[in-house]
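Comments concern the structure below.
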Amino acid sequence: MTAHIKDFIEQEFYHFHSHPELSYQEFETTKRLKEDLEKNGIKILPLDLKTGVVAEIGQGDTTVAIRSDIDALPVQENTDLPYKSTVPGVMHACGHDSHAATILGAALLLKEHEAELKGKVRVIFQPAEEAPGGAGTVIKAGGLKGVKAIFGIHSSSLFDVGTLGISAGPNHAAVEKFKIVFTGKGTHAAQPQQGNDAIIIGTNFVNAAQSIVSRNIDASHAVVVSITHFEAGTTWNVIPETVLLEGTIRTYTKEDRQIAKSRLEEIAKGIATTFNAKLDFEWLVELPATINDGPLSDFAKEVALKEGFKVEPNPKSLGGEDFSLYQEVIPGSFIMIGTGASYPNHNPNFKVDPKAIYPATQYVAKLATAYLEKN
């Protein structure tokens, strides 16, 4: 049966990769996962989720969760894979297809040994990690009810197949996305004195915002403030009335997060006052940092070494990961799965080596089983 599972989940990986779906649009992926689970006798929990699936295996008082994300990115694939994306402009450029196949395989292995489990395993196929925030929909629907701890996985092109990245403490950064609109007064380019130049207002804000990290944060801390979208004007001879700015803040600690957010708002308000402009300020995304639980991560490392994996410290990333929302509720450890050298995540040429999937499946199944035995 084990050989059958290996072949089956690799084929499912190829299918998921060929048929990617964007955040909150993973309807066919959800349908296929439900079919795969149901035909193997795995109970699906009746949660109110438009996309995504939560299932459960085993009996008992203790429940541990294993989590995969399932959404793709708005990226045009540029690989030569025989199973490349068939959807124009959409690609699994972050490995979520391999995550889904891995966790599906773990569910099938756990089902084979269900009678031996010392508790229950909650299997979460989460929508919209890239939105981000799909984890919040799972939590709101009751997906963590009764769960004691959670393990998540993610592909990593930094590690070879057979290597896992496991570290306690900060793993991925907190993510803030902001949107700012300054409104001045439009006028003819030849008569700037009759208007209030939104471009001047916006550029002063951009320059001032760059002082947040250099003059407010401990220099040994990793913090980023990036202005990534600056939009103003429509033609060459008109001074525009408004300027739109968007960007992001990335931090690891709650203290740095609060300082950076407060200073950004204060600077925006100060610039608006200085230039007599109207300010509209919005936080569009506010995601906490992924902080791996110490004992849980040590346990994950212990199991990995026993299973013959090489374990490396996981490099910190200022990228975001909404697994952090689960960790706000229960202890969790986010584990990086070596999937072989590749272009980086979110690149049109990103690839996952399929050879990484089944060993990861075996590891996740063993990790959940061992956790229940210990607890």
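The values are calculated or read from the model by the stated rules, or taken from the named source; none is laboratory data. This is a predicted model, so every value here is computed, not measured. Neighbour counts run over all protein chains shown; Cβ positions are idealised from the backbone, glycine included. Accessible surface areas use protein heavy atoms only, side chains included; no ligands, DNA or RNA. Shrake-Rupley method; radii C 1.70, N 1.55, O 1.52, S 1.80 Å.
Among the residues in region 32-39, are any open to solvent by 10 Å² or more (accessible area, probe 1.4 Å), more than 18 Å from residue 325 (Cβ to Cβ) and in contact with an Asp or Glu (Cβ under 6 Å, 6 or more places away or on another chain)?
No, every residue in region 32-39 fails to be open to solvent by 10 Å² or more (accessible area, probe 1.4 Å), more than 18 Å from residue 325 (Cβ to Cβ) and in contact with an Asp or Glu (Cβ under 6 Å, 6 or more places away or on another chain).
Considering only residues that are in contact with a helix residue (DSSP H, G or I) (Cβ under 6 Å, 6 or more places away or on another chain), farther than 18 Å from residue 174 by Cβ and assigned to a loop (DSSP other than H, G, I, E, B), which ones fall in region 217-240?
Residue satisfying the conditions is 240 alone.
Contact list please: Cβ distance under 6 Å, first residue in region 117-130 and buried (at least 23 other Cβ atoms within 10 Å of the Cβ), second residue of a type in the set (S, T, N, Q) and assigned to a loop (DSSP other than H, G, I, E, B), pairs at least six apart or on different chains.
Final answer for the pair search is 127/51; 128/23.
Here is a list: 269, 316. Which entry is at pLDDT below 95 and either basic (Lys, Arg) or in contact with a helix residue (DSSP H, G or I) (Cβ under 6 Å, 6 or more places away or on another chain) (or both)?
So the residue among 269, 316 that is at pLDDT below 95 and either basic (Lys, Arg) or in contact with a helix residue (DSSP H, G or I) (Cβ under 6 Å, 6 or more places away or on another chain) (or both) is 316.
Could you list all residues from region 94-112 that are open to solvent by 10 Å² or more (accessible area, probe 1.4 Å) and in contact with a Ser or Thr (Cβ under 7 Å, 6 or more places away or on another chain)?
109
Of all residues in region 258-294 being charged (D, E, K, R), part of a helix (DSSP H, G or I) and surrounded by fewer than 19 Cβ atoms within 10 Å (Cβ to Cβ), which is nearest to the chain's Cα centre (by Cα)?
The selected residue is 265.
Just give me the residues in region 212-232 being more than 28 Å from the chain's Cα centre (by Cα) and open to solvent by less than 40 Å² (accessible area, probe 1.4 Å), in sequence order.
Residue satisfying the conditions is 232 alone.
Given the residues 355, 351, which is the only one that is among the basic types (Lys, Arg) and either open to solvent by less than 20 Å² (accessible area, probe 1.4 Å) or part of a helix (DSSP H, G or I) (or both)?
The unique qualifying residue is 355.
I need a count of the residues in region 322-348 that are assigned to a helix (DSSP H, G or I) and either aromatic (Phe, Trp, Tyr) or open to solvent by less than 10 Å² (accessible area, probe 1.4 Å) (or both). Before the answer, list the steps.
Taking region 322-348 and keeping what is assigned to a helix (DSSP H, G or I), we get 323-327.
After this cut, where a residue has to be either aromatic (Phe, Trp, Tyr) or open to solvent by less than 10 Å² (accessible area, probe 1.4 Å) (or both) as well, the list is 323-324, 326.
Summing the residues that are assigned to a helix (DSSP H, G or I) and either aromatic (Phe, Trp, Tyr) or open to solvent by less than 10 Å² (accessible area, probe 1.4 Å) (or both) in region 322-348 gives 3.
Return yes when residue 106 is part of a helix (DSSP H, G or I) and free of Cβ contacts under 8 Å to residues at least 60 places away in the same chain and no when it is not. So that I can check it myself, show each step before the final result.
Numbers: part of a helix (DSSP H, G or I): yes; free of Cβ contacts under 8 Å to residues at least 60 places away in the same chain: no.
In short, no.
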